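The block underneath contains the structure these notes are about, expressed in structure tokens.
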Amino acid sequence: MEYKVKVSPKYQVVIPKEVRDKLTYLKPGLNVTVEITDGTINISKPLTDKAKGHLWLKKATGALRGTYGNPDKYISNIRSELGERDLPWQEKST
């Protein structure tokens, strides 16, 4: 549902009564989050610490995807750069 409100000279807006009635968690003094997305102002309930953790994880997942390309090719390149050196985890051939 869409409501039209007027911005005061102090850049304040009144949240319509119908909205306040539907959002039972909304109380005077509550800190809210204000975000701007594509020129639209969004006001939302602050995230809990647990929700912030999930949001961070969601944003971080896949952040490096494609950085190394194909994993098999990347490992093969590393191995070729190392050459025939003896590596600590490899058995020594005699």
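Values quoted throughout were computed directly from the atomic coordinates according to the rules given, and no laboratory measurement underlies them. Owing to the predicted nature of the structure, the values given are computational and were not obtained by experimental measurement. FYI the Cβ positions are ideal-geometry reconstructions off the backbone, even for glycines, and counts take in every protein chain you see.
Here are the numbers for the structure shown:
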| read-out | value |
| --- | --- |
| Estimated FRET transfer efficiency when R0 is 30 angstrom, pair E35-K73 (beta carbons, to 0.05) | 0.15 |
| Net charge of Cβ neighbours under 15 Å - reference T24; Lys, Arg +1; Asp, Glu -1 | +3 |
| Phi-based couplings in Hz for the stretch 22-36 (Karplus 6.51, -1.76, 1.60; Gly and Pro marked x) | 6, 9, 5, 6, 6, 10, x, x, 5, 7, 10, 9, 10, 10, 10 |
| Contour excess over end-to-end distance, with Cα ends at K27 and L82 and 0.36 nm allotted per residue | 13.5 nm |
| In Hz, Karplus ³J(HN,Hα) per residue of the stretch 76-81 (6.51, -1.76, 1.60; θ = phi - 60°; x = Gly, Pro) | 4, 4, 4, 4, 5, 5 |
| Cβ-defined net charge surrounding Y3, 12 Å radius [Lys, Arg +1; Asp, Glu -1] | +3 |
